[in-house]
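**Student:** Once you've had a glance at the structure underneath, I'll fire off some questions.
The values are calculated or read from the model by the stated rules, or taken from the named source; none is laboratory data. Keep in mind it's a predicted model, so treat the numbers as computed, not measured. We place every Cβ from the backbone using ideal geometry, glycine too, and count neighbours over all the protein chains shown. Surface accessibility is based on the protein's heavy atoms, side chains included, excluding ligands, DNA and RNA. Shrake-Rupley method; radii C 1.70, N 1.55, O 1.52, S 1.80 Å.
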Amino acid sequence: MTKQEWPLWEIFIRGAHGLSHRHVGSLHAPDAEMAIKNARDVYTRRKEGVSIWAVESSAIVASSPEDKGHLYDPADDKVYRHPTFFDIPDDVGAM
Amino acid sequence: MYAQMVKSTGQGVKSLDEMDPQERAFQERINAGDKIEPKDWMPAGYRKTLIRQIGQHAHSEIVGQLPEGNWITRAPTLERKAILLAKVQDEAGHGLYLYCAAETLGVTRDELTEMLLDGRMKYSSIFNYPTLTWADMGAVGWLVDGAAIMNQVPLQRTSYGPYARAMVRICKEESFHQRQGFDIMMKMANGTTAQKRMAQDALNRFWGPSLMMFGPSDGDSVHSAQSMAWKIKMNGNDELRQLFVDQTAPQAEYLGLTIPDETLNWNDEKGGYDFAQPDWDEFFDVLKGNGPEAANRMEARNKAWDDGAWVRDGMMAHADKKRAAKLAAE
Amino acid sequence: MSNLFEFACRMGDNSLVLGHRVSEWCGVAPVLEEDIALANIALDLIGQTQLWLGLAAEIEGSDRDADALAFRRDVWDFRNLLLVEQPNRDFGHTMMRQFLFDAWHFEMLGALKGSDHTQISAIAEKSLKEVTYHLERSTDTVIALGDGTEESHNRMQNALDRLWPYVGEMFLNDDCDHIDTSSLRPAFDARLADVLGQATLVQPDSTFTHKGGKTGARHTEALGHMLAVMQSLPRAYPDAKW
């Protein structure tokens, strides 16, 4: 049994296209440095050229949220992560 | 499905007139397609049911790493090894997204984990089956992920915001999983005699358990009715099972494999296949913890958690020391 | 066999064997975030294997490809360092092994990047980006667990003591090595001293070194068991395509 659970962090990422940081999700880490590293592994699959912010979830002050869903692209050098990597013949139909 | 037979309040669905004003406003928001967010008011039953459902879904992703992880060290080519590893890694990621979604409801990941490990919470019945040959990696991707997608795609529109957002991310990654499974099946079905036998054997063993993933018919289940009213369950079990069979039967035919159901037959009138129900006695046995690999799955998860305790504690202790040193220096 | 072929096998077998070892953690790591991070490291190493063994196959010029080299050679033909074939034991051994290898790998790839062999230099440059991150992460973990609790400290010290006799082989040099690997030692030692200091771990004072991995003269028993698992399908079904 772990004595103390790693704190929860909210992760914000700014992609290579110059848009502002966006919330992509959360994760657990013992401290801020590891939160950034874990975010690289979990939320960018190590795509380069991105900037990551990690904020301890307990430090967030929130109004009633109204945010809409969003996506973040996984690293594009792992081509097999993309469904189109697998050539499914047309006559199989939708997959 | 990854969340099977999730119990809700068990009290049946109230009509809008029977609800108090707060609950009624809540239900009206859901009916209007609004998303419920963590800080919004919600009925206790909605919160509790969601924790059960998202938790079970997350546990399924985590336990679901094991049957496929069973073959990572035996993948037959470097590329297959990388693909399978990436896929099982995605499952860990999906588990993580879902635990985070559950955490917004006021439960911690550690609490959920402990409920899995001591048997208070369940995971999908499908992951209690063994993976015996490489063709099972194909069958799991093709059938198990194929069945999961049937349920997960509509859940992107579920009423709870964090859950819906997790599902959007998951569905985006999940599509490659099913295709890599079918890709393996194609190679096997068109391969040597031994490979074809493996492919058919995998289909024989995974067909019934895949149909069970949708859960028994929920025609008169009060739990299902309430969950559907809350839009945390989007479709009936039979409806999704039918969709799955209709999608999968032609794919099996394409592969030159035979679905192990002599009654399987296209029914023009209903515009879908007639098919035999899976063995529901077996399903309830598995749900009670008697799945062929159930004891091994729980042992593996418990061992990982127990063996990892010193790591989690060690990393936390170091972080605490660093924080203390920083404060002392200020 | 040519020296260059031998060298490409050394690099490829290191990443194959270590990548395989790391992949054994998939699904059973101490915490989800580590599970995902370890899988990324394994994926990078398997990717590097494809490049190095692909190059080896090209140099050899016979009908073997990277998969044939990975899945159809037996223990005595493997050319990886003894360090990377050591079993995972616990997470502490795994991360200590990773750190020791990463610290060497980082210097090695840095030197290879300057090679006038264009393929070697290109593979080194691509791999170095990945390995820079591996090293950052394994360094942080070794420091955190070395400094963490009494138990984590003891486990990390045990891991270091147990793996220490395999460190020296990384810097043994022969004609097959594309660069002088002994020249990497000072930078490695400086980093090691710094990291172990922060981790409150004590470097063993023995200079004894096990050898025989990179030359293939004498692997440890662990490698045979690993290959028995890894190669089982291509061995059992030699005619099959996967």
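**Student:** Taking a point 7 angstrom from the Cα of B:Asp307 along the C-beta vector, which residues in region C:154-172 have backbone N less than 20 Å away?
**Tutor:** Once the point is set 7 Å along Cα→Cβ of B:Asp307, C:154-163 turn out to lie under 20 Å by backbone N, inside region C:154-172.
**Student:** By the gyration tensor of its Cα atoms, with a ≥ b ≥ c the square roots of the eigenvalues, what is the shape of region B:72-111: rounded for a/c under 1.5, prolate for a/b over b/c, or oblate?
**Tutor:** prolate
**Student:** If you average the C-alpha positions of region B:201-256 and of region B:279-316 separately, how far apart do those two centres end up, in angstrom?
**Tutor:** Going from one Cα centre to the other spans 25 Å.
**Student:** Another question, then. Which value results when the Cα radius of gyration for region B:30-117 is divided by 2.2 N^0.38 Å?
**Tutor:** Details: Rg = 16.6 Å, N = 88, 2.2 N^0.38 = 12.1 Å.
After normalising by residue count via 2.2 N^0.38 Å, the value is 1.38.
**Student:** Something else now. Please check which bits of region C:126-160 a label hung off C:Glu58 would reach, taking the label as a point 7 Å along Cα-to-C-beta and the cut-off as backbone N under 15 Å.
**Tutor:** C:126-127
**Student:** Contact order normalised by length for chain C, with contacts defined as Cα pairs under 8 Å and 6 or more residues apart; what percent is it? List each step's numbers first, then the result.
**Tutor:** Numbers: 325 pairs, mean separation 59.3, N = 242.
Relative contact order comes out at 24 percent.
**Student:** List the trypsin sites (Lys or Arg not before Pro) within region B:99-135 that fall in a DSSP loop (any state other than H, G, I, E or B) and whose Cβ has at most 11 other Cβ atoms within 10 Å. Before the final figure, lay out each step's value.
**Tutor:** On the way: sites: B:Arg109, B:Arg120, B:Lys122; in loops: B:Arg120, B:Lys122.
Of the trypsin sites (Lys or Arg not before Pro), the ones in loops of region B:99-135 whose Cβ has at most 11 other Cβ atoms within 10 Å are B:Arg120.
**Student:** Report P(r) for region C:75-129: all Cα-Cα distances, bin width 10 Å, range 0 to the bin holding the largest distance, values in whole percent.
**Tutor:** 22, 37, 34, 7, 0
**Student:** Rounded to the nearest angstrom and ordered from largest down, what semi-axes does the equivalent ellipsoid of region C:21-126 get from its C-alpha gyration tensor (root of 5λ)?
**Tutor:** On the way: eigenvalues 137, 62, 34 Å².
In descending order the semi-axes read 26, 18, 13 Å.
**Student:** Tell me the mean residue ellipticity at 222 nm calculated for the protein assembly as shown from its helices only (DSSP H runs of n ≥ 4, each -39500 (n - 2.57), averaged over every residue, nearest 500). Intermediate values should be presented prior to the final figure.
**Tutor:** Working: 24 runs with 373 residues, N = 667.
That calculation yields -18500 deg cm²/dmol at 222 nm.
**Student:** Can I ask one more? Between the chain alone and the structure with every protein chain in place, find the residues of region B:294-309 that drop at least 30 Å² of accessible area; heavy atoms, 1.4 Å probe.
**Tutor:** Residues losing area: B:Ala304.
**Student:** Which value in Å is the Kirkwood Rh of region B:240-330 over different Cα pairs? Spell out each step's value before the answer.
**Tutor:** Numbers: mean 1/r = 0.0538 Å⁻¹.
For region B:240-330, the Kirkwood estimate is 18.6 Å.
**Student:** Using every alpha carbon pair in the protein assembly as shown, what percent of pairs falls into each 10 Å bin from 0 up to the bin containing the largest distance?
**Tutor:** With 10 Å bins starting at 0, P(r) equals 3, 15, 25, 25, 19, 9, 3, 1, 0.
**Student:** Now a separate question. Obtain the nm distance between the two label points defined at C:Lys129 and C:Ile179 by a simple spin-label model: each point lies 7 Å from its Cα along the Cα-to-C-beta direction.
**Tutor:** My value for the distance between the label points is 1.9 nm.
**Student:** Which helices count as membrane-span-like in chain B under these terms: full DSSP H, at least 20 Å along the axis by C-alpha, Kyte-Doolittle mean of -0.5 or more? Don't skip to the answer; put the middle values down first.
**Tutor:** Numbers: long enough: B:44-63 (28 Å, -0.42); B:78-103 (37 Å, 0.11); B:161-189 (42 Å, -0.42); B:193-212 (30 Å, -0.59); B:237-255 (27 Å, -0.74); B:294-329 (52 Å, -0.84).
Flagged H segments are B:44-63, B:78-103, B:161-189.
**Student:** Filter the cross-link list B:Lys48/B:Lys172; B:Lys48/B:Lys288; A:Lys37/C:Lys129 down to pairs whose alpha-carbon distance in this structure exceeds 18 Å.
**Tutor:** Details: B:Lys48/B:Lys172 27 Å; B:Lys48/B:Lys288 22 Å; A:Lys37/C:Lys129 15 Å.
Violating the 18 Å Cα-Cα cut-off are B:Lys48/B:Lys172; B:Lys48/B:Lys288.
**Student:** So which lysines pass the test for B:Lys321, namely a Cα distance under 18 Å, with those fewer than 8 places away in the same chain ruled out?
**Tutor:** Partners within reach: A:Lys3.
**Student:** Test of the criteria: in region A:1-43, which trypsin sites (Lys or Arg not before Pro) are in a DSSP loop and have at most 16 other Cβ atoms within 10 angstrom of their Cβ? Before the final figure, lay out the partial values.
**Tutor:** On the way: sites: A:Lys3, A:Arg14, A:Arg22, A:Lys37, A:Arg40; in loops: A:Lys3.
In loop regions of region A:1-43 (DSSP not H, G, I, E or B), the sparsely surrounded trypsin sites (Lys or Arg not before Pro) are A:Lys3.
**Student:** Only Lys, Arg, Asp and Glu count, each charged at its Cβ (+1, +1, -1, -1), so figure out the dipole size of the protein assembly as shown about its Cα centre, rounded to 20 debye.
**Tutor:** 600
**Student:** Please give the total accessible area that chains B and C bury against each other, computed with a 1.4 Å probe and expressed in Å² to the nearest 100. Could you put the intermediate results ahead of the total?
**Tutor:** Numbers: alone 16290 and 11320 Å², together 23720 Å².
When B and C are taken together, about 3900 Å² of accessible area is lost.
**Student:** Counting only Cα atoms, I'd like the Rg/Rh figure for region C:107-209, Kirkwood definition for Rh.
**Tutor:** Details: Rg = 15.6 Å, Rh = 15.2 Å.
Result: Rg/Rh = 1.03.
**Student:** Name the residue farthest towards the positive end of the dipole of the protein assembly as shown from the options C:Phe5, B:Phe244, C:Gly197, assuming +1 on Cβ of Lys and Arg, -1 on Cβ of Asp and Glu, about the Cα centre.
**Tutor:** Comparing the listed Cα positions along the dipole, C:Gly197 ranks first.
**Student:** How crowded by other chains is C:37-50, given as the mean number of beta carbons from other chains within 10 Å of each beta carbon? Spell out each step's value before the answer.
**Tutor:** On the way: counts 9, 4, 12, 10, 1, 6, 9, 2, 1, 8, 5, 0, 3, 5.
That average works out to 5.
**Student:** For B:Lys196, which lysines qualify as cross-link partners when the Cα separation must be under 19 Å and same-chain residues fewer than eight apart are set aside?
**Tutor:** B:Lys187, C:Lys241
**Student:** Is there a simple number for the mean count of other chain Cβ atoms within 10 Å of the Cβ of residues in B:166-178, and what is it? Write out the running numbers ahead of the final one.
**Tutor:** Values: counts 2, 1, 3, 8, 0, 0, 7, 5, 1, 6, 10, 3, 4.
Average per residue, whole number: 4.
**Student:** Another question about this same structure. Please give, to one decimal in nm, the separation of the simple spin-label points placed at C:Ala122 and A:Lys3, each 7 Å out from Cα toward the Cβ.
**Tutor:** Spacing of the two 7 Å Cα→Cβ label points: 5.3 nm.
**Student:** How large is the charge dipole for chain C, taken about the Cα centre, if only the Cβ atoms of Lys, Arg (+1) and Asp, Glu (-1) carry charge, to the nearest 20 debye? Present the calculation step by step, with values, prior to reporting the outcome.
**Tutor:** Values: 21 positive and 37 negative charges, 72 e Å.
Around 340 debye, computed over chain C.
**Student:** Return one whole number: the accessible area per residue of the protein assembly as shown in Å², for a 1.4 Å probe. Working shown, then result.
**Tutor:** Values: 26270 Å² over 667 residues.
Result: 39 Å² of accessible area for each residue.
**Student:** Taking Cα pairs under 8 Å and at least six residues apart, what relative contact order does chain B come out at, in percent? Mind showing how you got there, number by number?
**Tutor:** Values: 408 pairs, mean separation 69.9, N = 330.
Computed over chain B, the figure is 21 percent.
**Student:** Just to confirm a number: summing +1 for Lys and Arg and -1 for Asp and Glu over residues other than B:Pro292 whose beta-carbon lies under 11 angstrom from that of B:Pro292, what do you get? If you can, show how the numbers build up before the last one.
**Tutor:** On the way: positive: B:Arg205, B:Arg297; negative: B:Glu282, B:Asp285, B:Glu293.
Neighbour charge sum, excluding B:Pro292 itself: -1.
**Student:** Buried accessible area for the A:B pair, summed, 1.4 Å probe, in Å² rounded to 100?
**Tutor:** Using a 1.4 Å probe on protein heavy atoms, the buried area is about 4100 Å².
**Student:** For chain B, rounded, prolate or oblate, judged on the Cα gyration tensor with a ≥ b ≥ c (square roots of eigenvalues), a/c < 1.5 rounded, else prolate if a/b > b/c?
**Tutor:** Numbers: a/c = 2.02, a/b = 1.16, b/c = 1.74.
Because a/c hits 1.5 or more and a/b fails to exceed b/c, chain B counts as oblate.
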